[in-house]
Amino acid sequence: MLDKLKEIEKSALESLAAITDQAALDSWRVAHVGRSSPLMQVFAGFGKLSKEEKPVVGAEANRVKGALESALEEKAAAVKNAALAKSLEEEKLDVTLPGRSVHIGRLHPSTQQLRRVLAILAEMGFQVYTSREVETDDMNFQMLNFPPDHPARDMQDTFFIEADGRSDNPILMRTHTSPGQIRAMREHAATNPQNPPPIRIALPGMCFRYEQITARSEIQFNQVEGLAVGKNITFADLKGTIADFVRRMFGEGARLRFRASYFPFTEPSAEVDVECFVCGGKGCQVCKNSGWLEILGCGMVHPVVLQNGGYDPKVYSGFAWGMGPERQLMLRNKINDIRYFWGNDVRFLEQF
């Protein structure tokens with residue numbers, strides 16, 4: 001058996017010395033150190049050896065295996081280096097050819113529009129305030145003048161998550177950014193409860209509603225809340241602010257109109273429409289053939305909401321609005337389906 005091991009080692013090393021490429025090296029590995037190789041057959045036959053032969057043959061077999069594996073590693077390195085040297089010598093590289101262009105990512109169109117909106121509002125003196133997406137029923141509805149049985153709750157189908165121990169205050173995904181009004185007012189009022197400072201903020205964020213998905217509405221959408229609270233603020237201030245924003249966003253010639261509306265957290269309330277740029281006011285699927293597209297709802301902050309935020313409604317007044325950046329982007333780029341924004345179609349996204 002010892003003579004057989006020496007013969008196996010000699011034959012393997014002699015054949016290894018003649019190898020010059022990777023394919024032959026792979027074949028050698030299978031033939032001489034693979035499971036069916038003569039060396040492995042020796043290990044498989046240990047059960048037939050006597051107790052005296054096993055330690056001697058085992059030691060020699062392990063030595064031969066180690067020698068072959070070491071020789072294999074050396075030969076693999078030599079073959080690799082030889083292939084590299086041959087490649088450098090024979091292959092040519094034309095350094096004058098233009099390089100491959102790198103595919104550069106870009107911001108999502110909704111993010112671009114959000115930044116455009118916030119940049120305009122920053123120029124108008126508004127500071128950005130962020131608020132949580134997961135809210136309580138108390139903050140999302142009740143503090144905003146939506147009592148539990150208020151019929152206006154039907155306007156906003158809600159994704160509820162779980163109850164927090166009280167059946168009247170479950171956890172939910174916010175249906176609008178308006179809960180941030182209460183949180184922002186309370187934070188500002190806490191700095192000086194007797195004489196709270198004025199507020200002028202913009203609150204961007206994602207909202208969620210369990211609604212039918214159409215060309216005009218999605219179950220998730222961005223919204224930018226605007227809030228201004230101070231002394232002697234009037235509806236005229238609200239109209240002037242919105243008109244200035246529309247002029248900056250859509251151009252000097254953009255037509256807009258205010259329509260009386262109803263929201264529980266503002267009184268009086270209005271909705272603002274801009275002439276539909278998709279159809280030029282003629283009527284289409286996006287504007288429901290009206291020639292106008294709603295871009296925001298607004299109004300004077302309700303006295304109950306001011307009081308819940310820590311501001312005395314007898315001393316302070318304010319206005320607020322909620323606008324949809326995606327709908328504005330549809331106007332700017334004549335997009336006829338809001339579902340494109342979340343469809344993740346690269347052909348659409350690459351256009352921005």
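Every read-out reported here was derived from the displayed coordinates using simple, explicitly stated rules and does not represent laboratory data. Keep in mind it's a predicted model, so treat the numbers as computed, not measured. For neighbour counting, all protein chains shown are included, and Cβ atoms are generated from backbone atoms with ideal geometry for every residue, glycine included.
For the chain, with a Gaussian network of springs between Cα atoms less than 10 Å apart, report the residue from Arg209, Arg35, Arg174 with the top mean-square fluctuation.
Arg35
Could you work out how far apart the two model spin labels at Glu52 and Val134 are, taking each label as a point 7 Å from the Cα in the direction of the beta carbon, and quote it in nm?
Between Glu52 and Val134, the label points sit 7.7 nm apart.
How big is the charge dipole of segment 182-227 about its Cα centre, in debye rounded to the nearest 20, if each Lys and Arg gets +1 on its Cβ and each Asp and Glu gets -1 on its Cβ?
Once rounded to the nearest 20, the dipole reads 100 debye.
May I ask you to derive the FRET efficiency for Phe235 and Arg186 from their Cβ-Cβ distance with R0 = 25 Å, giving the value to the nearest 0.05?
In this case the efficiency is close to 0.50.
Cut-off is 10 Å between beta-carbons; in what order do Val102, Val272 appear when sorted fewest neighbours first?
Listing Val102, Val272 from fewest to most nearby Cβ atoms yields Val102, Val272.
Of the listed pairs Lys231/Lys288; Lys239/Lys288; Lys4/Lys51; Lys65/Lys86; Lys10/Lys80; Lys6/Lys51, which have alpha-carbon separations greater than 29 Å here?
The answer is Lys231/Lys288; Lys65/Lys86.
Give me D for segment 224-266 in µm² s⁻¹, whole number, from Stokes-Einstein with Rh from the Kirkwood sum over alpha-carbon pairs, 4 °C and 1.567 mPa s.
106
Mind listing P(r) for segment 2-90? All alpha-carbon pairs, 10 Å bins, whole percents.
Cα pair-distance distribution for segment 2-90, in percent: 15, 43, 24, 12, 4, 1.
Any idea what the alpha-carbon Rg over 2.2 N^0.38 Å comes to for segment 109-349?
Here the Cα radius of gyration is 1.01 times the empirical estimate.
So if R0 is 56 Å, what FRET efficiency would Arg106 and Glu14 give, r being the distance between their Cβ atoms, rounded to the nearest 0.05?
Once rounded, the FRET efficiency stands at 0.35.
Using 0.36 nm per residue of separation minus the Cα-Cα distance, give me the extension gain between Ala260 and Glu7 in nm, one decimal.
81.0 nm
Once you treat every alpha carbon in segment 210-350 as an equal point and sum by Debye, what is log10 I(q)/I(0) at q = 0.09, 0.12, 0.13, 0.22 Å⁻¹?
-0.32, -0.55, -0.63, -1.33
How would you rank Val315, Val117, going from fewest to most other Cβ atoms within 10 Å of each one's own Cβ?
Final ranking by Cβ density, sparse to dense: Val315, Val117.
Based only on other Cβ atoms within 10 Å, what is the fewest-to-most ordering of Met206, Met139?
Met206, Met139
For the chain, what's the relative contact order in percent, using C-alpha pairs closer than 8 Å and at least 6 residues apart?
This gives 14 percent for the chain.
Please report the base-10 log of the normalised intensity I(q)/I(0) for segment 263-336, using a Debye sum with one equal scatterer per alpha carbon and no solvent, at each q in 0.11, 0.15, 0.19 (1/Å).
-0.39, -0.58, -0.73
For the chain, build the charge dipole from Cβ charges (+1 Lys, Arg; -1 Asp, Glu) around the Cα centre, then report which of Ala24, Phe341, Thr191 sits farthest towards its positive end.
Phe341
How large is ³J(HN,Hα) for each residue in segment 200-217, as worked out from phi by the Karplus curve 6.51 cos²θ - 1.76 cosθ + 1.60 (θ = phi - 60°), to whole Hz, x for Gly and Pro?
Working through the residues one at a time gives 8, 9, 10, 10, x, x, 8, 10, 9, 9, 7, 10, 5, 7, 9, 5, 10, 9 Hz.
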